[in-house]
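This report refers to the structure that appears directly beneath it.
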Amino acid sequence: MRNPLTLSLLSSAVLLAGLGLAGPLSAKQQTSAPIRFELKNIPFRLDSSQTAAKNVPETMAGGVAVFDYNGDGRPDIFFTNGADIATLKKSSPKYSNRLFRNDGNGVFTDVTAEAGLAGIGFDDGAAVGDYDNDGYPDLFVAGVHGNTLYHNNGDGTFTNVTKKAGLDKWNDPDFGPLWAVAAAWVDVNNDGLLDLFVVNYLQWTYSDQPKCVIETVAEYCHPRYYKGQPNQLFLNQGDGTFKDVSKEWGIRDHVGKGMGVGVADYDLDGKPDLFVTNDSEYAFLFHNLGNKFEEVAFQTNVALAEDAAFISGMGVDFRDVNNDGYPDIVYVALKSQTFPLYLNTGKGDFTEATAETGMRALSLPMAGFGPALYDFDNDGWKDLFVTRGHVTSVYPPGFKFAEPNTVFHNPGASGKWTAFTAEAGFTEATAARHRGCALGDFDGDGRVDIVVTSLDRDAEIWMNRSPNPGHWLDIALHGVKSNRDGIGARIKVVTKAGAQYNHQTSSVCYASSSLGPVHFGLGGDSKAIKVEITWPSGIVQTLNDVEADRIVKVTEPVPAPATAK
């Protein structure tokens, strides 16, 4: 949230220069786009209780989750929502979290009340994962001074099990009340049970008076006015409870201002690693040693972006963008800060490719909150969708804080990324202060759709209407020795055009979560010659000659125990 508008000692002219007023996206901008979306409405409006005092949580809300909560094969949508900023309680129905059941063909029904998911406090983030391996995905909600774990009962309802699970201790003796923005389910020790990583932000307390003022105008403060907080790691004990091992695993020693977490095994050693974005601080890369994490951001060249300046690290995605088999990193920041793109060298570190891929020039005029790497036109290369919108809302008068979203088309093996905004359907009429995003195929047509939140505006569902999509293949995983969702499984798909890679994770965008089949675009190939799955357990499974344009359900094969002779 690096917000130059809060620097009260700077002149207005310097403030505007620092913001990088929006100009043309690219001299090579095309008049038509291979990726196109259609806006559909859904009756949810994010209310973060914005006040004249400009308390920071008001501008950081907006997580959303996509997951099939009732097992009918259709992805459903859950929205987090704010609360009364003074009390952090949902004192009005307008602050209710919302769950919408997908009835098919893009039609959704509000089932919040019957599901028991209205919520209690000021909620920011959502993370989906089946922590008890019962076949029904559970929901963790990250919030300001309080988190909630909801157990999916398998009958369309959820139960708040936060206290029973041991996740109700949010007042830290050293860092005060913890403010969680995001979280990720990840099996850090590969024992077949999903553990929980929680991203904490700032040490904040409510005030009815503005803390930062620019020329008599109240604005949201730069994060440097606040102290940071450490993240947390909770190990799944297998009995419905979790143990805080943040200190033992080396997480608590690193205090930041966390905004997002991406999960991937970047060095392919079979252990999931964690990349954490920080707001105007160094980023963290936690390398998994099996029984603890070591922080290696500087050694791996991902601590700072190419200008070696602190930027507003917001949401993140951690996936292979160039089909070389190694997960890469992309995250987003505010205007004049770029959207850094780090390519994995395959040698245990990364090289920044923001400038040479064209991403620097394209993103400098933009303020981003959430990125998602998905193949939207099914050509075999993951594209980048970004929710856009600034932190600030008032000063200077006339400045555009609301922005339309953008999709960046992946050029493949050669060329530079191309940004599509209006051409892809994201017109100026849809400009807003967008925040979270989650993804799924809402109408079952093989094209990945998107749901987006924004402050004090209706949520947006963007149905993928890309005009000439390629073939596709979705891999739905069922872990047996591994965790039930197969989170952490690496998948290689080979077609005549070559190989591509993805992995199962539900952590994506900003404060958001998407859990469903792992999606692959196949371009012009109507089948995959080979699908190779490396499960978290280490078991490698191979499928041959898999026909395209369908969801393939794959159960982890577990060798029968040896019998005594």
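The values are calculated or read from the model by the stated rules, or taken from the named source; none is laboratory data. Predicted, not measured: the structure shown is a model, and the values here were computed from it. Here the Cβ positions follow ideal geometry from the backbone for every residue, glycine too, while neighbour counts run over all protein chains shown. Ligands, DNA and RNA are stripped out before the accessible areas are found, and what is left, the full protein with its side chains, is counted by its heavy atoms. Shrake-Rupley method; radii C 1.70, N 1.55, O 1.52, S 1.80 Å.
With every protein chain left in place, what is the accessible area per residue of the range 264-421 in square angstrom, probe 1.4 Å?
27
Return a whole-number percent for the relative contact order of the range 147-215, with Cα pairs under 8 Å and 6 or more residues apart as the contact set.
21 percent.
Along the three principal axes, how long is the range 217-362 when you take its alpha carbons, biggest first, rounded to the nearest angstrom?
Principal-axis extents of the Cα atoms in the range 217-362, largest first: 49, 47, 25 Å.
State, as an integer percentage, the relative contact order of the range 505-565 based on alpha-carbon contacts under 8 Å between residues 6 or more apart.
23
What are the lysines whose alpha-carbon lies under 20 Å from the alpha-carbon of LYS335, with same-chain residues fewer than 8 places away excluded?
Those lysines meeting the cut-off are LYS257, LYS400.
When the expected Rg is taken as 2.2 N^0.38 Å, what fraction or multiple of it is the alpha-carbon Rg of the range 73-173?
Against the empirical 2.2 N^0.38 Å value, I get 1.09 for the range 73-173.
Dividing the convex hull volume of the Cα atoms of the range 503-546 by its residue count, what figure in Å³ per residue is obtained?
Dividing the Cα hull volume of the range 503-546 by its residues yields 84 Å³.
What's the magnitude of the charge dipole for the range 290-360 around its Cα centre, counting Lys and Arg as +1 and Asp and Glu as -1 at the beta-carbon? Answer in Debye, nearest 20.
For the range 290-360, the charge dipole is close to 160 debye.
Under a Cβ-only charge scheme (Lys and Arg +1, Asp and Glu -1), can you give me the dipole magnitude of the chain about the Cα centre, in debye to the nearest 20?
Around 720 debye, computed over the chain.
Let me know the Kirkwood hydrodynamic radius for the range 395-448, please, with Cα pairs as the basis and the value in Å to one decimal.
Taking every pair of different Cα atoms in the range 395-448, averaging 1/r and inverting gives 13.7 Å.
Sequence gap at least 6, Cα distance under 8 Å: using those rules, report the relative contact order of the chain to the nearest whole percent.
Worked out over the chain, it gives 16 percent.
Taking 1 over the mean of 1/r across every pair of different Cα atoms in the range 146-278, what Kirkwood radius in Å do you get?
16.6
Can you tell me the accessible area per residue over the range 456-530, all protein chains present, probe 1.4 angstrom, in square angstrom?
Per residue, the range 456-530 has 32 Å² of solvent-accessible surface.
Give the calculated FRET efficiency between GLN237 and THR427 to the nearest 0.05, with a Förster radius of 56 Å applied to their Cβ-Cβ distance.
Using R0 = 56 Å, I get an efficiency of 0.65.
Take the alpha carbon atoms of the chain, find their radius of gyration, then divide it by 2.2 N^0.38 Å using N residues; give the quotient.
Cα Rg divided by the expected 2.2 N^0.38 Å: 0.89.
How high is the FRET efficiency from GLU38 to ASP458, r the C-beta distance, R0 22 Å, rounded to 0.05?
Here the calculated transfer efficiency is 0.90.
Can you pick out the pairs among LYS163/LYS243; LYS243/LYS292; LYS227/LYS292; LYS164/LYS243; LYS382/LYS527 whose Cα atoms lie more than 22 Å from each other?
Those over the limit are LYS227/LYS292.
Of the heavy-atom accessible surface of the range 75-160 (probe 1.4 angstrom), what whole percent is carbon and sulfur?
Carbon plus sulfur share of accessible area: 48 percent.
Scaled to the compact-protein estimate 2.2 N^0.38 Å, what is the alpha-carbon radius of gyration of the range 400-507, rounded to two decimal places?
It is 1.29.
May I ask you to give the percent of accessible area on the range 415-475 that is carbon plus sulfur, with a probe radius of 1.4 Å?
46
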